[in-house]
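Data first, discussion second: the structure below is written as structure tokens.
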Amino acid sequence: MIEFLYRTDFELTDKTRFVSWIKEIIKSEQKKCGDITYTFCDDQALDEINQKFLNHKDLTDIISFDDSIADIISGEIFISIDRIKENANIFGVSFEEELLRVMSHGILHFCGYTDGDEEEKVIMRRKEDEKIKMFHVEHSFKNKKK
């Protein structure tokens, strides 16, 4: 099961499409889908998680907790919408593309990819690009009105 939780004013509008895309990513890596939760939050919430569980003090766009067993992909992925917006501006890409990159990044970690050194980062980026191409929809995002 793939679940989306929100601790910010952001919300995916076409959850079914995202679920299908995530399952396709997993299938394309010859893995099976278990229980995956995405929690979309702000910098403050992600920073608290980062400090509490990882003892890191740097801002990040994603934190993932891998609960995969063998080929069954499971885990929790926390994404800072604040970081996605800022990184999209820094890298000169759309918010949507940066969000897809980060969403696929978490799943790729669960599939065994790492990004600790430059060679691994190149492989991860290539995989992210491959997975983003699997998602061919624009305007699937919205901000909830307060």
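Each reported figure results from applying straightforward, stated rules to the coordinates on display, with no laboratory input. If you're wondering where the values come from, they're calculated on a predicted model, not measured in any experiment. Methodologically, a virtual Cβ is constructed for each residue, glycine included, from the backbone with ideal geometry; neighbour enumeration extends over all protein chains shown.
Structural remarks
- Highest-first arrangement of 21-31, 86-96, 60-70, where packing means the average Cβ count within 10 Å: 21-31, 60-70, 86-96
- Global form of region 1-74, assessed from the alpha-carbon gyration tensor, a/c cut-off 1.5: oblate
- All aspartates and glutamates inside 14 Å of K133 as judged from Cα atoms, apart from same-chain residues fewer than 8 positions distant: E24, E96, E97, E98
- Residue-span extension gain [M134 to D117] - 0.36 nm each, minus C-alpha spacing: 3.5 nm
- Whether region 31-95 is rounded, prolate or oblate, judged on the alpha carbon gyration tensor where a/c under 1.5 counts as rounded: oblate
- Volume of the Cα convex hull of region 2-141, divided per residue and given in Å³: 111
- Under 12 Å, Cβ to Cβ, from D61 - net charge with Lys/Arg +1 and Asp/Glu -1: -4
- Expected 222 nm ellipticity per residue - DSSP helices of 4 or more, -39500 (n - 2.57), all of the chain, to 500: -15000 deg cm²/dmol
- Extension gain from K27 to F91, taking 0.36 nm per residue of separation minus the Cα-Cα distance: 20.2 nm
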